[in-house]
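Colleague: For reference, the structure I am asking about is given below.
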Amino acid sequence: MQLIFDHRLIRHIIDASEKEHGRSSRALQLAERLLQNSFVKVPLWLFERVVGFLLALPIPIYSSAVYGLVTNMRGLPHMLGMYIRGLYYRQKLGLMEPNVFIDQGVFFAYPQGVELKEFSYIDKNVLVMSKTAKVGRRVHIAPRVFISGGGDFEIENYACIATNSNIITSTEVLKDGARCSGPMVSADQRRVFRGKVLIKKDAFIGANATLLPGVTIETGAVVGAGVTAAKSTEPWGVYVGERAQRVGTRDSVLCPDN
């Protein structure tokens, strides 16, 4: 029995408030307790199931109108749009755990191939076009990230992709006299390479970076801003410059998983 947002999210907010301000809201503390109470949790779960089912009904015109409304509702710091999108996408995605944030303007080309783990945050105007997309726990995909179609994409726990980055999961192969002008060319005139882009745990992809098909960003690796990564990295390496040159090693993460 999973709610869209449960007591663990309230605890996350309380902990952040206490660390930043030295105190937290009594209302939040009360909400945390209530969301652990079955007399509150069960009716709320039933309400969410009914509303989510109604939002996701595949009725012509109605479904298009609902999709447009849900997608364009205001995102953070306003919570209503985030909550409604949670209700809607829990019915549409292959897997969506509790406490997932899907912000305004996000697009999933293949919703059934998408898996979002707890506390993942898909920020404003992210486009996910890959055939499959697996997003781990405590992951942030920042605004205007583009994940291209054709291949597969996976980002493991505690990793991050900064704004305006491009994850390319398929590309035209320039050999054997093939054309390279895209999907409107006859299939027999194209050579397409489709691969999986894998970003492993605790890795960080900087702003405006590009990852090419088949690349694996190893555990804890940092790909700097503007870098194009055509080859896989080594664990905990720091890569900068146009040729993704390794310039150092970051410290391993010592924090416990939660």
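The values are calculated or read from the model by the stated rules, or taken from the named source; none is laboratory data. What you see is a predicted model; the values in this text were computed from it and never measured. Positions of Cβ are backbone-derived with ideal geometry, glycine not excepted, and every protein chain shown enters the neighbour counts. What goes into the accessible areas is simple: the full protein's heavy atoms, side chains included, and nothing from ligands, DNA or RNA. Shrake-Rupley method; radii C 1.70, N 1.55, O 1.52, S 1.80 Å.
Colleague: Taking the dipole about the Cα centre of the chain, with the C-beta of Lys and Arg at +1 and of Asp and Glu at -1, give me whichever of Thr163, Ser130, Ile61 is farthest to the positive side.
Modeller: Towards the positive end, the residue furthest out is Ile61.
Colleague: Which whole-number percent is the relative contact order of the stretch 1-64 (Cα, under 8 Å, 6+ apart)?
Modeller: 34 percent.
Colleague: Treating only the Cβ of Lys, Arg, Asp and Glu as charged (+1, +1, -1, -1), what charge dipole size does the chain show about its Cα centre? Round to the nearest 20 debye. Provide the component values of the computation, followed by the final result.
Modeller: Numbers: 31 positive and 23 negative charges, 55 e Å.
My answer is approximately 260 debye.
Colleague: Any idea what the relative contact order of the stretch 44-198 is, in percent, if you count C-alpha pairs under 8 Å spaced at least 6 apart?
Modeller: Relative CO of the stretch 44-198 lands at 13 percent.
Colleague: Over the chain, average the accessible area per residue using a 1.4 Å probe and give it in Å², no decimals.
Modeller: 53 Å²
Colleague: How would Asp6, Asp188 line up by accessible area, probe 1.4 Å, largest first?
Modeller: Asp188, Asp6
Colleague: What whole-number distance in Å separates the alpha-carbon centres of the stretch 89-153 and the stretch 12-33?
Modeller: The stretch 89-153 and the stretch 12-33 have Cα centres spaced 28 Å from each other.
Colleague: Once ligands and nucleic acids are excluded and a 1.4 Å probe is used, how much of Tyr67 is accessible, expressed in Å² to the nearest 10?
Modeller: About 70 Å², rounded to the nearest 10.
Colleague: Roll a 1.4 angstrom probe over the protein heavy atoms and tell me the percent of accessible area of the chain that is carbon or sulfur.
Modeller: The value for the chain is 57 percent carbon and sulfur by accessible area.
Colleague: Under a no-solvent Debye model with one identical scatterer per Cα of the stretch 16-59, what's log10 I(q)/I(0) at q = 0.23 Å⁻¹?
Modeller: -0.79
Colleague: Further question on the same structure: Work out the charge dipole of the chain with +1 on the Cβ of Lys and Arg and -1 on the Cβ of Asp and Glu about the Cα centre, then indicate which of Ala16, Gln2, Ser252 is farthest towards its positive end.
Modeller: Gln2
Colleague: Decide, for the stretch 150-258, between rounded, prolate and oblate: order the square roots of the alpha carbon gyration tensor eigenvalues as a ≥ b ≥ c, take rounded if a/c falls under 1.5, and otherwise choose prolate if a/b is larger than b/c, else oblate.
Modeller: Because a/c hits 1.5 or more and a/b exceeds b/c, the stretch 150-258 counts as prolate.
Colleague: Can you give the direction-averaged projected area of the convex hull of the alpha-carbon atoms in the stretch 110-213, in nm²? Don't jump to the answer; show the numbers that get you there.
Modeller: On the way: hull surface 26.6 nm².
For the stretch 110-213, averaging the hull's shadow over all directions gives 6.7 nm².
Colleague: For the stretch 1-117, rounded, prolate or oblate, judged on the Cα gyration tensor with a ≥ b ≥ c (square roots of eigenvalues), a/c < 1.5 rounded, else prolate if a/b > b/c?
Modeller: Verdict is prolate for the stretch 1-117.
Colleague: I want the antiparallel fraction of DSSP beta bridges within the stretch 114-201, as a percent rounded to 5.
Modeller: Looking only at bridges with both residues in the stretch 114-201, the antiparallel portion is about 15 percent.
Colleague: Need one word for the stretch 83-147: rounded, prolate or oblate. Basis is the Cα gyration tensor (sqrt eigenvalues a ≥ b ≥ c); a/c below 1.5 gives rounded, then a/b vs b/c decides.
Modeller: Note, shape of the stretch 83-147 comes out rounded.
Colleague: Mean-square fluctuation check for the chain, GNM, Cα pairs under 10 Å: which of Asn99, Asn37, Asn166 is largest?
Modeller: Asn37
Colleague: Which lysines does Lys175 reach when only Cα atoms under 27 Å apart count, and residues fewer than 8 places away in its own chain are ignored?
Modeller: The reachable lysines, counting only those whose Cα sits under 27 Å from Lys175, are Lys131, Lys196, Lys231.
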